[in-house]
1. Considering segment 8-57 alone, what residues qualify as being at pLDDT below 95, polar (S, T, N, Q) and part of a loop (DSSP other than H, G, I, E, B)?
2. Within segment 1-22, how many residues turn out to be touching a helix residue (DSSP H, G or I) at 6+ places or on another chain (Cβ under 9 Å) and exposed (fewer than 12 other Cβ atoms within 10 Å of the Cβ)?
3. Return yes or no: is residue 25 touching a residue at least 12 places away in the same chain (Cβ under 8 Å) and surrounded by 12 or more Cβ atoms within 10 Å (Cβ to Cβ)?
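The values are calculated or read from the model by the stated rules, or taken from the named source; none is laboratory data. Bear in mind that the values here come from a model prediction, so they are computed numbers and not experimental data. When we count neighbours, we look across all protein chains shown, and the Cβ atoms used for this are built from the backbone with ideal geometry, even at glycine.
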Amino acid sequence: MRTIIATTNPATLNFAEAVLKSEGIPSFIMDQHQSIVDGSIGIIPRRLCVVDDDYDEAVELLEQAELGHEIYRD
């Protein structure tokens, strides 16, 4: 799996996840239960991940949805 977005903004994650789901690309939000550790103040970014084979298509879809500036480039 590869991280495609890392953010503390839950709205961005939900929108990106919906964009990918609408095109049949499964994704998984990692670190969403870290609020226990950070005291629910949202300092630890949540990561939206996709399988390696879907990464390029997912990047293209998120760029079309105007989320290109959110894409995590490692």
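1. 8, 9, 32, 34, 40
2. Total meeting the criteria: 1.
3. Numbers: touching a residue at least 12 places away in the same chain (Cβ under 8 Å): yes; surrounded by 12 or more Cβ atoms within 10 Å (Cβ to Cβ): yes.
It is true that residue 25 is touching a residue at least 12 places away in the same chain (Cβ under 8 Å) and surrounded by 12 or more Cβ atoms within 10 Å (Cβ to Cβ).
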